[in-house]
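Down below is the structure, laid out as structure tokens.
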Ligand SMILES: Nc1ncnc2c1ncn2[C@@H]1O[C@H](COP(=O)(O)OP(=O)(O)OP(=O)(O)O)[C@@H](O)[C@H]1O
Ligand SMILES: [Mg+2]
């Protein structure tokens, strides 16, 4: 069952009157790739999935699965498995009945259905639960039934819309690991939607950050974390300090910037799309803020002990504030005067939007 086909959007778009739910979008999900859509509510994630699945008709552009243009094919003729935002199981059917559904409507022979349902239930570790009713299952078990129902048809592409949204944190963790195991085994081309950045990082080969109906940035987790294209992406992935700074000059991927809050200039790596004179934002991740012998004068305003790490909040002489995080090796206390430095090579100047 190791297979999957690439899925490609070529300027695919969806509008409702004036509302552009998805602006013209080019996207290729590679064969066997796990790609996650991350973005705020209303940014177009479900719209993109529904276009891929064929539940929505695009207002423009084309959609391909493998070599085949599926734009005009109805959902039931695209070989796609979908797990919906509210997982939509049939409550009056048994677990096995739910999982069999996609095969029953495809009129597969009865013995084949039984065999494939058993295999799909085994895959999600529910082989003992086939004759249970849906209401007799926990939330996490119901979630796994929804997943089994989507994969039983051996889809070319698997689409999952916030499948773990209803689960508590512990169960979420458990099902995440299950999803990862299944993906590693079967390498199905997958698009996964979540609000949870940590979940995106655990599961994905690549992540697309969406905003207002478009993909702001597509890349590996480390691309997005280390090289965000703008302040929106920087703020969406990981924790960040974003300080106003003015670009004074640019050369070879680096910018000289004037940082008002620090009353200093520095040379730092720069995102694309900046010009000398621009008002931009300096991104400093908390782990790159150092309490040191040398540096800017600051006062510790808060300390949060996190075990191995200690997080701290600082106020600089000029009033600007910064979050930092370091290995717990010195006793930090609120009210302590300290000197602060930051790692220039790990910082980044990004456009505001
Ligand atoms: N049938 C519709 N008619 C008009 N506008 C719609 C319709 N469906 C979606 N939209 C709009 O399209 C935009 C994208 O919606 P979509 O459901 O794709 O967002 P989402 O990223 O999945 O959000 P969430 O995280 O809340 O599920 C939103 O502004 C939404 O209001
Ligand atoms: Mg949605």
**Study point:** Number of the exception - residue 83 against (1) closer than 30 Å to residue 216 by Cβ; (2) away from ligand 1 (no atom under 16 Å from the Cβ)
**Key:** (2)
Check your understanding: Given the residues 184, 136, 162, 216, which is the only one that is away from ligand 1 (no atom under 16 Å from the Cβ) and in contact with a helix residue (DSSP H, G or I) (Cβ under 9 Å, 6 or more places away or on another chain)?
Key -> 136
Point to revise | Output for segment 58-70, where each listed residue is without any contact (Cβ under 8 Å) to a residue 24 or more places away in the chain, assigned to a loop (DSSP other than H, G, I, E, B) and touching a strand residue (DSSP E or B) at 6+ places or on another chain (Cβ under 9 Å) | key: 70
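Suppose we filter segment 323-353 for residues that are out of contact with any helix residue (DSSP H, G or I) (no Cβ under 8 Å at 6 or more places or on another chain), buried (at least 18 other Cβ atoms within 10 Å of the Cβ) and within 26 Å of residue 272 (Cβ to Cβ); how many remain?
Counting residues in segment 323-353 that are out of contact with any helix residue (DSSP H, G or I) (no Cβ under 8 Å at 6 or more places or on another chain), buried (at least 18 other Cβ atoms within 10 Å of the Cβ) and within 26 Å of residue 272 (Cβ to Cβ) gives 1.
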Practice item. Confirm whether residue 238 is without any contact (Cβ under 8 Å) to a residue 40 or more places away in the chain, touching a helix residue (DSSP H, G or I) at 6+ places or on another chain (Cβ under 9 Å) and surrounded by 18 or more Cβ atoms within 10 Å (Cβ to Cβ). Key: no
Check your understanding: Being in a loop (DSSP other than H, G, I, E, B) and surrounded by fewer than 14 Cβ atoms within 10 Å (Cβ to Cβ), is that true of even one residue in segment 17-36?
Key -> yes
Point to revise | Residue in segment 37-45 that is in contact with a strand residue (DSSP E or B) (Cβ under 8 Å, 6 or more places away or on another chain) and assigned to a strand (DSSP E or B) present | key: yes
Exercise for review: Hey, can you tell me all the residues within segment 36-58 that are more than 16 Å from ligand 2 (Cβ to nearest atom) and out of contact with any helix residue (DSSP H, G or I) (no Cβ under 7 Å at 6 or more places or on another chain)?
Suggested key: 57
Check your understanding: If we keep just the residues of segment 200-213 that are part of a helix (DSSP H, G or I) and touching a residue at least 60 places away in the same chain (Cβ under 8 Å), which is nearest to ligand 2 (Cβ to nearest atom)?
Key -> 200
Exercise for review: Take the residues in segment 93-113 that are in a loop (DSSP other than H, G, I, E, B) and touching a residue at least 12 places away in the same chain (Cβ under 8 Å), then tell me which one is surrounded by the most Cβ atoms within 10 Å (Cβ to Cβ).
Suggested key: 93
Exercise for review: Select from segment 214-236 the residues that are part of a loop (DSSP other than H, G, I, E, B) and over 19 Å from residue 273 (Cα atoms) and list them in ascending order.
Suggested key: 220
**Study point:** Unmet requirement for residue 84, which otherwise passes all of (1) within 16 Å of ligand 2 (Cβ to nearest atom); (2) more than 19 Å from the chain's Cα centre (by Cα)
**Key:** (2)
Revision key, fill the gap. Residues of segment 187-199 being in a loop (DSSP other than H, G, I, E, B) and either buried (at least 18 other Cβ atoms within 10 Å of the Cβ) or in contact with a strand residue (DSSP E or B) (Cβ under 6 Å, 6 or more places away or on another chain) (or both), in sequence order, are 188
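Every number here is computed from the coordinates shown, using simple stated rules; none is lab data. Remember, it's a predicted structure, so these values are computed and weren't measured experimentally. Note that we place each Cβ from the backbone using ideal geometry, even for glycine, and neighbour counts take in every protein chain shown.
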